[in-house]
1. Identify all lysines with a Cα-Cα distance to LYS116 below 21 Å; exclude those on the same chain that are fewer than 8 residues away in sequence.
2. Taking one equal scatterer on every alpha-carbon of the chain, how large is log10 of I(q)/I(0) by Debye at q = 0.09 1/Å?
3. Against the globular-protein guess of 2.2 N^0.38 Å, express the Cα radius of gyration of segment 87-194 as a ratio, rounded to two decimals.
4. Hey, in the GNM for the chain with a 10 angstrom Cα cutoff, which one of VAL16, VAL75, VAL62 fluctuates hardest?
5. Can you give me the relative contact order of segment 87-194 as a percent, contacts being Cα pairs under 8 Å and 6 or more apart?
6. Just in segment 62-138: which GluC sites (Glu not before Pro) are loop by DSSP and have at most 15 other Cβ atoms within 10 Å?
7. Calculated from DSSP H runs of 4 or more alone, at -39500 (n - 2.57) each and per residue, what is the 222 nm mean residue ellipticity of the chain, nearest 500?
8. Given charges of +1 on the Cβ of Lys and Arg and -1 on the Cβ of Asp and Glu, with all other atoms neutral, how large is the dipole of the chain about its Cα centre, in debye to the nearest 20?
Amino acid sequence: MKLRWSPTSPFVRKVVVLMKEKGIEDAVEKEKSNPLSREDRAATPSPLGKIPCLVTDDGQSVFDSPVIMEYLDTVCDGPEMLPKSGDARWTVLRRQATADGMIGSMVTCFVESLKKPERQSGGVLAHNKGIVFNGIAALEQEAASFGETVDVGTISIAVALSFADQTFPEDDWRTDNPALAAWFDAFDQRPSMTETVLVDAQSFE
Ligand SMILES: N[C@@H](CCC(=O)N[C@@H](CS)C(=O)NCC(=O)O)C(=O)O
């Protein structure tokens, strides 16, 4: 299997953290693709041109990050990352959806920040930052139940919070969200996280 990959993408990072937690990293070859490059987007075998995109050994494209994570969890060995049914499945998927929404808003802020200052929209930036901090406040309410769980939901949340630190370095979300902060600061020490720290997209080559 091949993964269209970039060290700058939080959506890609979700997939790589899952691969490390399942111990299946060797089963997937990484193929670099810069999401800001038109040629690289065109070379990604998905109509969306976005990464992550997984290409299976028989040439099937699998995207996006939630689908890739479920695919790898289904076809590969290792600890289960997404319950197959029941309430636990919906809890994990809802947590992932919250985190993915936060990441999407931060990507929007990043894209806005690439524009000349006079063309940036303060409204777009404020709206999307608000989404991220609403997500953080909601996650604080359930952080006590995360415990030591490693699954698609907690992986996505950890990647989103790490990206929030990178996107909004001036904003202290920890003081108002102590349970989430304590959980994240412990999760962030896992090798799957320390080995996948994102590279700043501005310095990607
Ligand atoms: N919902 C997708 C989002 C993927 C995504 O937005 N990837 C970005 C990189 S972080 C990308 O490839 N952007 C290129 C583009 O929008 O053309 C997922 O979960 O995989």
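1. LYS129
2. -0.34
3. Numbers: Rg = 14.3 Å, N = 108, 2.2 N^0.38 = 13.0 Å.
Normalised Rg, Cα atoms only: 1.10.
4. Result: VAL75 has the largest fluctuation of those listed.
5. Values: 87 pairs, mean separation 37.8, N = 108.
Once normalised by length, the contact order is 35 percent.
6. On the way: sites: GLU70, GLU80, GLU112, GLU118; in loops: GLU80.
For GluC sites (Glu not before Pro) across segment 62-138 that sit outside H, G, I, E and B with at most 15 neighbouring Cβ atoms in 10 Å, the list reads GLU80.
7. On the way: 8 runs with 108 residues, N = 205.
Value at 222 nm, helices only: -17000 deg cm²/dmol.
8. Working: 21 positive and 32 negative charges, 132 e Å.
Computed charge dipole of the chain: roughly 640 debye.
Readers should treat all values here as calculations from the given coordinates under stated rules, not as data from a laboratory. Only a predicted model underlies this, so the values are computations on that prediction, with no experimental measurement involved. Note that we place each Cβ from the backbone using ideal geometry, even for glycine, and neighbour counts take in every protein chain shown.
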